[in-house]
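Remarks on the structure that follows.
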Amino acid sequence: MDEESVKLTVFFEGPFWVGVFERVSEGKLTVCKVTFGAEPKDGEVWEFILKNYHRLSFSPAVGAPAKRAAGSPKRRQRSAGKELRALGIGTKSQQALKLQQETAKDQRRELRRERREAGRDRQFELRQEKRREKHRGH
C-alpha cells in the first residue's frame with residue numbers, strides 16, 4: 001500500500017513569511033509555495049490549511065525516494081529538531097517549484113503568442129474588409 005504524506009515548512013524569506021507544502025504520493029513529490037506575509041500564528045496556519053488546501057496548485061511530480069520513519073520517540077524528536085535547524089527547503093522541493101514556475105511561464109508565453117496572432121488576423125481581416133468596401137462603388 002502506498003503511503004501519502006504532506007509536510008508544511010514555514011520560514012522567513014526576505015520581507016515575507018513563506019510556507020512550502022511538500023506532498024509525497026506514490027513515490028512522487030509535488031510542491032506548492034504560499035506567501036503568508038506577516039508571521040502567521042499556529043491557528044492562522046491551521047485555518048489556512050483547512051480553508052485553502054484544496055485550492056493549492058501543486059507542481060508537476062518529481063521522483064522522490066521514500067523515507068523510512070524513525071522508530072523510537074527520541075529518534076523522532078532528534079530528527080524533528082534536525083529538520084527545524086535545516087535552512088530553507090529541500091533540493092527536491094526546489095526542483096519541483098522551479099519546474100512549476102517553468103510550466104507556468106510556458107503557458108503564459110503560449111497564451112501571449114495566441115493573442116498576438118489573433119490580433120494580427122483581426123487586423124488583416126479589417127484591412128481586407130476596408131479594401132473590399134473601397135472597390136464596391138457607390
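Points to keep in mind about this one:
- Among the residues of region 97-138, those that are aliphatic (A, V, I, L, M) and either open to solvent by 90 Å² or more (accessible area, probe 1.4 Å) or more than 30 Å from Lys28 (Cβ to Cβ) (or both) comprise Ala118, Leu126.
- Of all the listed residues (Gly43, Gly63), the sole one being open to solvent by less than 60 Å² (accessible area, probe 1.4 Å), modelled with pLDDT under 85 and either over 20 Å from the mean Cα position of the chain (by Cα) or under 19 Å from Leu97 (Cβ atoms) (or both) is Gly63.
- Answer residue from region 46-60, given it is outside any helix (DSSP H, G or I) and out of contact with any helix residue (DSSP H, G or I) (no Cβ under 7 Å at 6 or more places or on another chain) and is surrounded by the fewest Cβ atoms within 10 Å (Cβ to Cβ) among those: Ser57
- Scanning region 14-60 for residues that are touching a residue at least 24 places away in the same chain (Cβ under 8 Å) and among the acidic types (Asp, Glu) gives Glu22, Glu26, Glu39.
- Matching residues in region 20-39 - criterion: being in contact with a helix residue (DSSP H, G or I) (Cβ under 7 Å, 6 or more places away or on another chain) and of a type outside the set (Asp, Glu): Val20, Leu29, Thr30, Val31, Lys33
- Each residue in region 10-33 was checked for being within 16 Å of Pro60 (Cα to Cα) and either in contact with a strand residue (DSSP E or B) (Cβ under 7 Å, 6 or more places away or on another chain) or open to solvent by less than 30 Å² (accessible area, probe 1.4 Å) (or both), and 13 pass.
The values are calculated or read from the model by the stated rules, or taken from the named source; none is laboratory data. The shown structure was predicted, so the numbers you read here are calculated from the model rather than taken from an experiment. Because the Cβ atoms are built from the backbone with ideal geometry, glycine has one as well, and the counts that use them run over all protein chains shown. Just so you know, the surface numbers come from the protein's heavy atoms only, side chains and all, with ligands and any DNA or RNA stripped out. Shrake-Rupley method; radii C 1.70, N 1.55, O 1.52, S 1.80 Å.
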